[in-house]
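Everything on this sheet refers to the single structure shown next.
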């Protein structure tokens with residue numbers, strides 16, 4: 001009897017082992033909604049499972065360098081030196097907006113204008129009240145409340161913080177000197193919220209608060225006032241899909257560490273975050289199938305995933321960048337010298 | 001008889017093994033903390049403990065801000081929890097009708113059963129707005145002008161900060177301290193209490209002159225247990241403390257504790273010095289907790305020698 005039961009169990013397990021390919025990746029939480037949606041659809045069509053976990057950009061970078069993952073996603077691009085030392089290839093997949101929101105009672109859902117100088121001074125603590133003349137001057141049609149400005153930043157390290165501090169460093173040498181760029185920095189003032197939810201909650205609870213969030217966390221019901229930033233061309237822009245797309249068009253592989261933060265372009269949103277994928281330069285034989293599978297997944301995603309990307313509020317990499325991405329895929333070395341990435345995206 | 005001897009032997013060995021395992025674990029954790037903080041210890045030395053600058057970009061780390069945050073929140077927690085627990089115990093044992101004693105005791109223990117993250121969420125959504133609207137303004141009004149401690153109550157009032165974190169911690173440790181105080185109250189021999197009552201003492205006098213001196217060892221132990229719990233609490237604190245690495249003496253300003261720093265920053269500590277500094281924070285926390293325990297034992301030994309059993 002026992003023998004029969006054991007045999008059944010063994011057979012069941014071996015049936016399961018006919019299961020599909022499993023490709024694991026982890027990293028930034030910013031692109032996670034898109035990767036989830038894509039992998040769900042891809043599994044239904046091709047029975048290959050892409051498992052993506054949002055553990056943070058830093059976690060993703062660490063794990064892919066240790067090769068415990070098949071691929072990683074990061075909002076903070078690695079430098080050429082880091083790519084060389086970890087032996088990784090890096091390419092962009094998505095673009096999205098980091099958004100500044102403020103809690104201004106009486107001005108719910110109205111957008112306010114802030115320029116670079118004012119923004120930098122707010123976060124350095126030099127402008128402390130919303131009624132400051134400089135802010136009022138930029139917003140003549142709105143009566144700003146006399147509330148002290150409370151800054152909300154991230155308590156945990158995050159790619160979103162990286163994008164925002166990179167922007168501040170680019171527009172202000174003072175910020176670059178005093179605070180600098182990083183996924184985690186020493187903020188001169190303000191509260192730290194735990195992840196985007198925490199920041200949204202703090203901004204919602206404190207009248208006069210201003211904070212930075214990933215676009216997807218700006219929910220209508222919070223009645224935040226959106227901030228219009230002044231881009232490089234001098235225009236005051238709201239973060240929309242078209243302004244992010246305008247920024248995305250400026251992406252250049254040669255300037256990958258700058259991403260598309262504060263890009264040229266009249267309609268471009270200055271705080272555009274780029275989400276990258278990291279994969280190894282050299283693949284051992286055991287992982288051959290996995291990377292062929294991953295390649296096909298990205299081919300599928302770039303071809304058929306546009307709707308999901310749009311629906312979730314992101315922007316996909318423009319066509320000309322996609323060509324360069326495929327070129328990079330072809331440089332991956334497999335252990336057997338004759339093997340290359342199979343197939344052609346066109 | 002042989003079976004009994006074998007049983008005896010087994011129990012002796014098992015109990016010895018359990019003690020050894022616990023000690024080994026303790027040493028193992030201590031070793032792990034020391035080993036992984038080597039880089040930070042070599043880079044910063046003793047500066048780490050009295051430097052207040054925590055800057056991940058410049059790669060300068062100093063624990064003073066976090067240490068202060070932990071100690072201040074724990075102190076506030078004790079100030080709130082100890083008198084409250086004492087009052088609860090007195091009420092349950094001496095004042096309340098005997099029939100509801102058990103129900104009261106269970107309801108206090110329920111507080112201990114609430115997961116700490118729920119305390120954090122409750123603190124963030126419900127308690128800190130309440131503190132910010134009612135309690136803190138009152139305190140600023142009342143204490144703000146006092147000469148020495150006035151500046152502690154100055155500044156902006158958000159509801160989140162050291163004070164709120166201390167209050168939430170205080171509420172969290174009340175059931176532990178109450179439970180131990182309750183046991184100590186009950187351990188006092190009835191005959192001592194009854195004899196002092198027969199001499200004409202009031203209930204309060206019997207508590208103050210008999211029960212407290214008799215049970216002071218246990219009371220101190222309970223307080224230390226609560227303090228240990230408060231020092232190590234992570235989630236509840238990180239929700240309401242504001243998470244700012246700034247050094248400030250204001251109780252209502254955002255701050256950081258050792259546990260909330262580690263919890264927030266560990267997963268994204270991308271370079272080794274960063275994670276090493278966080279492990280060193282953990283080491284300091286470990287040492288502080290150990291000091292609290294040893295100190296309490298030492299103090300109790302002193303009082304025992306002075307006053308007799």
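The values are calculated or read from the model by the stated rules, or taken from the named source; none is laboratory data. All figures in this text were calculated on a predicted structure; none of them were measured in a lab. We place every Cβ from the backbone using ideal geometry, glycine too, and count neighbours over all the protein chains shown.
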Practice prompt. Filter region A:148-187 down to residues that are assigned to a loop (DSSP other than H, G, I, E, B), in contact with a strand residue (DSSP E or B) (Cβ under 7 Å, 6 or more places away or on another chain) and more than 9 Å from chain B (Cβ to nearest Cβ), then give me how many there are.
Written response: 1
Worksheet item: When you scan region B:26-115 for helices (runs of 4 or more DSSP H) that lie fully inside it, which ones turn up with 3 or more residues that are loosely packed, with under 15 Cβ neighbours inside 10 Å?
Response: B:47-50, B:64-90, B:101-113
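So, restricting to helices (runs of 4 or more DSSP H) that lie completely within region A:12-96, which ones have at least 1 residues that are within 12 Å of another protein chain (Cβ to nearest Cβ)? Outline the logic, then answer.
On the way: elements: A:32-46, A:57-65, A:80-86.
Those helices (runs of 4 or more DSSP H) span A:57-65, A:80-86.
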Worksheet, complete the sentence: residue B:207 fails exactly one of (1) assigned to a helix (DSSP H, G or I); (2) closer than 23 Å to residue B:75 by Cα; (3) modelled with pLDDT of 85 or more, namely (2)
Worksheet item: Under the condition of being buried (at least 23 other Cβ atoms within 10 Å of the Cβ) and more than 8 Å from chain B (Cβ to nearest Cβ), which residue from region A:199-208 is farthest from the chain's Cα centre (by Cα)?
Response: A:203
Worksheet item: Is it the case that some residue within region B:223-246 is over 19 Å from residue B:72 (Cβ atoms) and either within 14 Å of another protein chain (Cβ to nearest Cβ) or without any contact (Cβ under 8 Å) to a residue 24 or more places away in the chain (or both)?
Response: no
Response to the item:
Apart from one, (1) under 18 Å from the mean Cα position of the chain (by Cα); (2) assigned to a loop (DSSP other than H, G, I, E, B); (3) within 11 Å of chain B (Cβ to nearest Cβ) all hold for residue A:239; the odd one out is (3)
Worksheet item: Of all residues in region B:245-269, how many are in a loop (DSSP other than H, G, I, E, B) and out of contact with any strand residue (DSSP E or B) (no Cβ under 6 Å at 6 or more places or on another chain)?
Response: 15
Worksheet item: If we scan region B:271-282, do we find a residue that is in contact with a helix residue (DSSP H, G or I) (Cβ under 8 Å, 6 or more places away or on another chain), in contact (Cβ under 8 Å) with a residue 60 or more places away in the chain and outside any helix (DSSP H, G or I)?
Response: no
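Please work out if residue B:61 is more than 30 Å from residue B:174 (Cβ to Cβ), touching a residue at least 12 places away in the same chain (Cβ under 8 Å) and within 14 Å of chain A (Cβ to nearest Cβ). First the steps, then the outcome.
Numbers: more than 30 Å from residue B:174 (Cβ to Cβ): yes; touching a residue at least 12 places away in the same chain (Cβ under 8 Å): yes; within 14 Å of chain A (Cβ to nearest Cβ): yes.
Criteria met by residue B:61.
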Worksheet item: Which residue, of A:103, A:139, is without any contact (Cβ under 8 Å) to a residue 40 or more places away in the chain, touching a strand residue (DSSP E or B) at 6+ places or on another chain (Cβ under 8 Å) and within 21 Å of residue A:223 (Cα to Cα)?
Response: A:139
Worksheet item: Would it be correct to say that residue A:221 is assigned to a helix (DSSP H, G or I), in contact with a helix residue (DSSP H, G or I) (Cβ under 9 Å, 6 or more places away or on another chain) and over 28 Å from residue B:270 (Cβ atoms)?
Response: no
Worksheet item: Can you pull out the residues in region A:188-198 that are more than 7 Å from every other protein chain (Cβ to nearest Cβ) and either on the phi > 0 side of the Ramachandran plot or part of a strand (DSSP E or B) (or both)?
Response: A:193, A:195
Item to complete: Filter region B:252-270 down to residues that are over 18 Å from residue B:52 (Cβ atoms) and within 8 Å of chain A (Cβ to nearest Cβ) and give me whichever is surrounded by the most Cβ atoms within 10 Å (Cβ to Cβ).
Response: B:268
Practice prompt. Specify which of the listed residues (A:244, A:227) is outside any strand (DSSP E or B), within 18 Å of residue A:313 (Cβ to Cβ) and touching a residue at least 40 places away in the same chain (Cβ under 8 Å).
Written response: A:244
Discussion item. Filter region A:101-124 down to the residues that are part of a loop (DSSP other than H, G, I, E, B) and within 26 Å of residue A:263 (Cα to Cα) and list them by number.
Written reply: A:110, A:111, A:115, A:124
